[in-house]
Amino acid sequence: MALKARALYNFQSENKEEISIQENEELVIFSENSLDGWLQGQNSRGETGLFPASYVEILRSRSGSNYTDYSGSPAGSPGHDSFYTAPPNPGISYQGSFEDDDDDDWDDWDDACTVVEEPRSTPGTNGHPSPSLQYPAAYSHHQHAGYRPKPALERQDSMSSSKRGSVVGRNLNRFSCFVRSGVEAFILGDVPLMSKIAEVYCIEMGSKGPQWRANPHPFICSVEDPTKQTKFKGIKSYISYKLTPSNINSPVYRRYKHFDWLYNRLLHKFTVISVPHLPEKQATGRFEEDFIEKRKRRLILWMEHMTSHPVLSQYEGFQHFLCCRDEKQWKLGKRRAEKDEMVGASFLLTIQIPTEHQDLQDVEDRVDTFKAFSKKMDDSVLQLTNVASELVRKHVGGFRKEFQKLGNAFQAISHSFHMDPPYSSDALNNAISHTGKTYETVGEMFAEQPKNDLFLMLDTLSLYQGLLSNFPDIIHLQKGAFAKVKESQRMSDEGRMDQEEADGIRKRCRVVGFALQAEMNHFHERRVADFKRMMQSYLKQQIIFYQRVSQQLEKTLRMYDNL
């Protein structure tokens, strides 16, 4: 039975089986049972095809049950708004579980715990999960057998509950990313302190403001040799990638599913960092050569951003992903990463900020400037993506056909000149015929050229679309923190809050502010390097291409010199 649905996010189709959908667009779903994380339906333009289940919510009448939200967002009810409630259909696969039939227990890598256990946040949220995924000590987590909540820990500000009558009001929208990420709880001092924090990430003052302290052991990692492999006597197929970190120079082999597991860990842990998006999944054609090559190129860019980030590159889970070769050690490291308590808002406890004073209003102005910049850049990246994509289609289709038509027309002229032998000139006829073949060759050169220039441009633009889509929610965290500071100061001025408590809120807001500025600084640093490389590569390849075209034409021109 057809069902009505609403798109939560934009999705751009990449093959004929998929259809594009726009945020808030009304859709028709043919069946609410997803196929490997994909739904089939119709968009408002009448196009029929597949799109990710996690990008839509199914609308139901008020008299019936609540809508089904495949996005992994928390579903709650009054009085229970801080707990995650799983969607009612246990057969639903989340976006993170599509690719390789998640009942295959992760090759021989897993102990019956797959990525499908955790709802994956969708693009644009930077993975801010529900509070139930933020504090393993305080919430029941996927009904683990034998689970017992840990005793309550000491509050950050160590104030007794009897002194909390003046507490700053909480956000009424319990599903805003400010609340779901746990940053509100951190700002208000409700994130429990850990007795021992093993990891520390430092922010320093640089020439352009706060910046993450560089990784003391920088490295790079290659992504090579995508290889189709099988198991279960050929029943199951998948692609593995060879990863070679420069710091150990010993290769490991990873499937896309392993990348997906790491990506989910990154989203849950790093609340205020713009984690680069993985390449999109595809419903069909996963083993086609063009798709495998495209995914490899984009995984290379993803890996470059991961290894260049001062914080992400040092994450223990990332190092484990890159270096572990032993199955037993892999399982131990995987469990350790999944039980990490320093995630979400607790991650903010690991950040050490400079002692330099920053006026909060100046910080807010700087954030507003970056917000306007990122919105403009997002629009321009989308515009260039559309233009480049259209140019690719013209290269492969229109340009090739037009040059083929021109070549055929020259060939026809040559054939007609053979019709009257007494006046026929073989040299001229051959030269014109060769000219036709030359233009057919030029058409094929145009069809192949996007692989040398436009594809790299589109790969870079796709990466930055993902990075930019993260910032609205990260900026929203900072805006929420600013609001709490202003509210607490007003309450202190009115005598309804101790100044010490208001100072604590301001101090914790500084942590969020410094972290966001450091992330902004890193984004600009990478942006300059990436777009410089993208433009240089595109122009160099264009020059090489037109030189090759010119050589073909000059060679043909010389055939007319001695007629």
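The figures follow:
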read-out: Residue list for the stretch 493-505, restricted to those being surrounded by fewer than 19 Cβ atoms within 10 Å (Cβ to Cβ) and in a helix (DSSP H, G or I); value: 493, 499, 500, 503
read-out: Lone unmet requirement of (1) touching a residue at least 60 places away in the same chain (Cβ under 8 Å); (2) under 30 Å from residue 209 (Cβ atoms) for residue 359; value: (1)
read-out: Which numbered condition residue 485 misses (of (1) within 32 Å of the chain's Cα centre (by Cα); (2) over 17 Å from residue 363 (Cα atoms); (3) not small (Gly, Ala, Ser)); value: (2)
read-out: Those residues of the stretch 36-55 which are free of Cβ contacts under 8 Å to residues at least 12 places away in the same chain and either open to solvent by 70 Å² or more (accessible area, probe 1.4 Å) or of a type in the set (Phe, Trp, Tyr) (or both), in sequence order; value: 40, 45
read-out: So residue 490, is it farther than 23 Å from residue 520 by Cα, out of contact with any strand residue (DSSP E or B) (no Cβ under 6 Å at 6 or more places or on another chain) and not in a helix (DSSP H, G or I); value: no
read-out: Criterion (open to solvent by less than 30 Å² (accessible area, probe 1.4 Å), more than 28 Å from residue 527 (Cα to Cα) and in a strand (DSSP E or B)) met by exactly one of 250, 240; value: 240
read-out: Filter result (open to solvent by less than 30 Å² (accessible area, probe 1.4 Å) and either within 27 Å of the chain's Cα centre (by Cα) or at pLDDT 95 or above (or both)) within the stretch 344-362; value: 344, 345, 346, 347, 348, 350, 351
read-out: Any chance residue 245 is surrounded by 18 or more Cβ atoms within 10 Å (Cβ to Cβ), more than 20 Å from the chain's Cα centre (by Cα) and not basic (Lys, Arg); value: yes
read-out: Qualifying residue in the stretch 270-289 (condition: among the aliphatic types (A, V, I, L, M), touching a Cys at 6+ places or on another chain (Cβ under 7 Å) and either assigned to a loop (DSSP other than H, G, I, E, B) or assigned by the TED database to the domain that holds residue 519 (or both)); value: no
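This table checks each residue for (1) exposed (fewer than 13 other Cβ atoms within 10 Å of the Cβ); (2) outside the structural domain of residue 477 (by the TED database); (3) in a strand (DSSP E or B); (4) not hydrophobic (A, V, I, L, M, F, W, C).
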| site | (1), (2), (3), (4) |
| --- | --- |
| 191 | no, yes, no, no |
| 198 | yes, yes, no, no |
| 204 | no, yes, yes, yes |
| 216 | yes, yes, no, yes |
| 227 | yes, yes, yes, yes |
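The values are calculated or read from the model by the stated rules, or taken from the named source; none is laboratory data. If you're wondering where the values come from, they're calculated on a predicted model, not measured in any experiment. Because the Cβ atoms are built from the backbone with ideal geometry, glycine has one as well, and the counts that use them run over all protein chains shown. SASA here: full protein model, heavy atoms, side chains in, ligands and nucleic acids out. Shrake-Rupley method; radii C 1.70, N 1.55, O 1.52, S 1.80 Å.
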